[in-house]
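So the structure is just underneath, and the comments pick up after that.
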Amino acid sequence: MNHAELLSEIPIFEGLSEADREALAARMTERTYTAGQTVFAKGDAGSSMYLVLSGSAQIFLPPAEPGGEIVVLKDVRTGEYFGELALFDSKPRSASVSATVETVLLELTRDEFAEHLSRSKTAALAILSEMAERLRETNAMLGQRAATNAVKEIEENLTWGQRLADKVAELNGSWAFILFLLGLTAVWTIANIPIVAATIGLTVKGEDGKIGGFDPFPFILYNLVLAILVALQGPLIVMSQNRQSLKDRAQAETDFRVNLKNEVGIETLLREVAAFRAETGKRMEILERSARAERIRHEVPAKKPGGPLEPS
């Protein structure tokens with residue numbers, strides 16, 4: 001895979017023309033790192049993004065204090081990328097990256113990226129279009145009510161067959177089903193005792209001419225019924241388990257949206273509180289200056305015409 005093809009795998013470059021991707025690929029620089037060598041550290045000013053041409057690198061959070069453990073966030077391998085936000089701002093890196101084996105990275109600096117955008121209006125518009133689309137998706141997600149009952153929505157759209165499978169799976173995992181099987185086995189066995197079978201009129205003449213129950217020992221018919229029951233239970237239980245997995249994923253996605261919206265709301269509140277504190281500080285400073293000026297005016301003695309100032 002050449003450099004331009006690697007760029008096409010990055011979402012923000014998907015809308016670029018092949019010529020633009022080729023031009024950007026030509027501006028990228030190959031960097032070789034040995035195993036364990038740091039690509040950049042958390043807190044460094046971001047100025048470029050990287051694509052893994054060969055080898056692998058590890059993105060991690062360094063220990064907060066000496067002797068602590070690092071937190072591994074992700075392992076990036078051939079064809080993957082990291083640090084793409086550094087193309088748009090110079091904020092400090094939020095994590096550290098080091099090579100796990102001998103690795104070759106393709107580096108695209110912000111200056112090279114900006115220079116290409118200044119020369120190609122189509123590339124600039126494609127990048128802006130992609131960023132605008134992401135912003136719309138984020139706004140749409142944040143604008144929706146995040147706290148929804150995903151399980152209830154799934155259950156309301158179940159077909160009768162799916163509901164039946166859930167009921168069967170629920171019944172199979174209960175004491176009621178166990179007691180039912182035990183009771184059925186006992187009734188079936190008693191009903192096939194010759195005396196009982198003759199009493200209830202369920203006798204059958206066997207090949208040897210003897211009269212006995214409709215399913216004498218070893219209860220071949222009953223074993224067939226149980227085998228069919230077990231054969232039907234398996235697929236129904238698997239269907240129900242798959243649907244439960246779907247419910248779990250839907251619930252996890254809902255929890256993620258709720259957490260994201262709460263995080264955005266908390267950040268907004270923090271900004272508003274900070275702005276309120278700044279405004280309050282300014283107003284308090286103005287009031288203090290006014291009070292100080294008023295106090296000075298009262299402390300300075302009035303000057304009499306043609307005479308010295310009165311002592312305070």
- Note on the structure: Of the listed residues (Ala146, Ala124), the one being of a type in the set (A, V, I, L, M, F, W, C), modelled with pLDDT under 80, more than 30 Å from Gly234 (Cα to Cα) and surrounded by 12 or more Cβ atoms within 10 Å (Cβ to Cβ) is Ala146
- Kindly provide the set of residues from the stretch 107-121 that are farther than 26 Å from Thr78 by Cβ and either small (Gly, Ala, Ser) or more than 33 Å from the chain's Cα centre (by Cα) (or both), ordered by number. Ala114, Glu115, Ser118, Arg119, Ser120, Lys121
- Task: For Ala99, state whether it is hydrophobic (A, V, I, L, M, F, W, C), surrounded by fewer than 19 Cβ atoms within 10 Å (Cβ to Cβ) and either assigned by TED's automatic domain parsing to the domain that holds Asp44 or in contact with a Ser or Thr (Cβ under 6 Å, 6 or more places away or on another chain) (or both).
- Result: no
- Message: Only one of Val71, Val52 is touching a Leu at 6+ places or on another chain (Cβ under 9 Å) and over 23 Å from Leu6 (Cα atoms). Can you tell me which?
- Response: Val71
- Query: Within the bounds of the stretch 13-33, is there any residue that is within 31 Å of the chain's Cα centre (by Cα) and loosely packed, with under 12 Cβ neighbours inside 10 Å?
  - Reply: no
- Pairs where the first residue, in the stretch 11-32, is over 16 Å from Leu125 (Cα atoms) and the second is at pLDDT 85 or above and surrounded by fewer than 16 Cβ atoms within 10 Å (Cβ to Cβ), C-beta under 8 Å, 6+ apart: Arg27/Glu115; Glu30/Val104; Arg31/Val104; Thr32/Glu102; Thr32/Val104
- Ala250 passes all but one of (1) modelled with pLDDT under 80; (2) more than 24 Å from Leu164 (Cα to Cα); which number fails? (2)
- What do you reckon, is Glu207 over 30 Å from Asn172 (Cα atoms), modelled with pLDDT under 85, assigned by TED's automatic domain parsing to the domain that holds Thr189 and under 25 Å from the mean Cα position of the chain (by Cα)? no
- Item | Condition broken by Gly36, with the remaining ones in (1) surrounded by 12 or more Cβ atoms within 10 Å (Cβ to Cβ); (2) of a type outside the set (Phe, Trp, Tyr); (3) within 19 Å of Glu102 (Cα to Cα) satisfied | (1)
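Yes/no per residue for (1) surrounded by 10 or more Cβ atoms within 10 Å (Cβ to Cβ); (2) in contact (Cβ under 8 Å) with a residue 24 or more places away in the chain; (3) among the aliphatic types (A, V, I, L, M):
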{"position": "Tyr222", "(1), (2), (3)": "yes, yes, no"}
{"position": "Ala231", "(1), (2), (3)": "no, no, yes"}
{"position": "Asp248", "(1), (2), (3)": "yes, no, no"}
{"position": "Phe256", "(1), (2), (3)": "yes, no, no"}
{"position": "Thr268", "(1), (2), (3)": "yes, no, no"}
{"position": "Glu285", "(1), (2), (3)": "yes, no, no"}
{"position": "Glu288", "(1), (2), (3)": "yes, no, no"}
{"position": "Ile296", "(1), (2), (3)": "no, no, yes"}
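The values are calculated or read from the model by the stated rules, or taken from the named source; none is laboratory data. Since the model is a prediction, treat every value here as computed from it, not as a measurement. Quick reminder, even Gly has a Cβ in these numbers, built from the backbone with ideal geometry, and neighbours come from all protein chains shown.
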